[in-house]
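A short write-up of the structure that comes next.
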Amino acid sequence: MGDPTVSCRNLWKVYGPRPERVVGSAEADLPRAELLERTGCVVAVRDVSFDVAPGEVFVVMGLSGSGKSTLVRMINRIHEPTAGTVLIDGEDLRACDEEQLREIRRRKISMVFQHFGLLPHRRIVDNVAFGLEIQGVEKADRLAIAERVLEKVGLAGWGNAYPEELSGGMQQRVGLARALANDPEILLFDEPFSALDPLIRRDMQDEVLSLQRDLKKTMIFITHDLAEALKLGDRIAIMKDGRFVQVGTPEEVVAHPADDYVADFTRDVPRAHVLTARAIMRPVNGEAPLDGPTVRTDTLVQALIPIVADADRTIRVVDDDRVVGVVDRTDVMRALVEEA
């Protein structure tokens, strides 16, 4: 997998007087109200560590107040960590001076917010090109880049419009285009679609997936919506009270919730839409047929249903043409029964 693009270690964010005294202390585990009464402090993020691989979509999901937005804003030091380290390609952001930090924000990390923050008096193309203007890119060059990125997000021909002429979904596409314009290595999303109507939100999720297939950016995506997390994430971190309670692939989180809190989140998720052949397959143990139908390890159980219904024997599960397991009707039915 190689070295991580983003590596966070023992991150804390404490608000209040002398916040450093709370870090790692026994008091940090007190209920929020009691901690506030004793110390005047609130712990938003407590001792969080994780890595994000190049090109991975890492989703942090949690309810309001869980600390997820604070966490993502520490990755580019919009919020200063109380303790811990944030490494971007091995470089410690907390050791950077203001100029170094500005340069990293300009060229390596971009952020997409829930509130679009477009400049109302500027054309759409100028909004998209704004970061390049700050970098000192020549006007003709930055406008050409902005037009290309607008086309990439489905807004070709809208460059001369103004924000008030666009719908909410279109404005969010402008926000996404603005984040992409400087070709960052890392994209941070802070609940960018939560204010959009459900159909527009689904379209924007599809847009992110399409862009990811083309661009292979490293993404950290914050959401309170489990369906969105399952759709977008290569891995998902479930956050509660400033901590990660589980980190895993979508199927790991759904099939093997770490505790009752995660189980409550995943209880209504249709398992057949998340679990794959890899999750339900059995070891080969000499029973794999030499021919007949095969399925890939990432085939969803939902797609397996008609395959096993038509097959009168065990089906091979393959990974890069290598047989790694087998499934049959019983395996699929067991997965569906466990859901019910």
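Computed quantities for the displayed model
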{"item": "Qualifying position, being touching an Asp or Glu at 6+ places or on another chain (Cβ under 8 Å), aromatic (Phe, Trp, Tyr) and either open to solvent by 30 Å² or more (accessible area, probe 1.4 Å) or over 22 Å from HIS79 (Cβ atoms) (or both), among PHE113, PHE130", "result": "PHE113"}
{"item": "Matching residues in the stretch 90-100 - criterion: being among the aliphatic types (A, V, I, L, M) and either closer than 15 Å to GLU185 by Cα or under 23 Å from the mean Cα position of the chain (by Cα) (or both)", "result": "LEU93"}
{"item": "Qualifying residue in the stretch 245-259 (condition: of a type outside the set (A, V, I, L, M), open to solvent by 40 Å² or more (accessible area, probe 1.4 Å), out of contact with any Asp or Glu (no Cβ under 6 Å at 6 or more places or on another chain) and touching a residue at least 60 places away in the same chain (Cβ under 8 Å))", "result": "no"}
{"item": "Among residues of the stretch 6-29, those that are outside any helix (DSSP H, G or I), of a type in the set (D, E, K, R) and within 29 Å of the chain's Cα centre (by Cα), counted", "result": "2"}
{"item": "Members of the stretch 215-244 that are charged (D, E, K, R) and buried (at least 23 other Cβ atoms within 10 Å of the Cβ)", "result": "none"}
{"item": "Unique match (being open to solvent by less than 40 Å² (accessible area, probe 1.4 Å), in a helix (DSSP H, G or I), in contact with a strand residue (DSSP E or B) (Cβ under 6 Å, 6 or more places away or on another chain) and touching a residue at least 12 places away in the same chain (Cβ under 8 Å)) among VAL72, VAL125", "result": "VAL72"}
{"item": "Verdict on VAL295 being at pLDDT 85 or above, open to solvent by less than 40 Å² (accessible area, probe 1.4 Å) and outside any helix (DSSP H, G or I)", "result": "yes"}
{"item": "Qualifying residue in the stretch 305-316 (condition: under 30 Å from the mean Cα position of the chain (by Cα) and in a helix (DSSP H, G or I))", "result": "yes"}
{"item": "Residues of the stretch 305-338 classified as under 16 Å from ARG271 (Cα atoms), acidic (Asp, Glu) and surrounded by fewer than 17 Cβ atoms within 10 Å (Cβ to Cβ), total", "result": "1"}
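Yes or no, residue by residue, for (1) open to solvent by less than 30 Å² (accessible area, probe 1.4 Å); (2) aromatic (Phe, Trp, Tyr); (3) under 17 Å from ARG9 (Cβ atoms):
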{"position": "VAL23", "(1), (2), (3)": "no, no, yes"}
{"position": "LEU36", "(1), (2), (3)": "no, no, no"}
{"position": "PRO54", "(1), (2), (3)": "no, no, no"}
{"position": "PHE58", "(1), (2), (3)": "yes, yes, yes"}
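The values are calculated or read from the model by the stated rules, or taken from the named source; none is laboratory data. Small disclaimer: the values here were computed from a predicted structure and weren't measured. Here Cβ is always computed from backbone atoms with ideal geometry, including for glycine, and neighbour counts include all displayed protein chains. When the accessible area is computed, the model is the full protein with side chains, heavy atoms only, and any ligands, DNA or RNA have been set aside. Shrake-Rupley method; radii C 1.70, N 1.55, O 1.52, S 1.80 Å.
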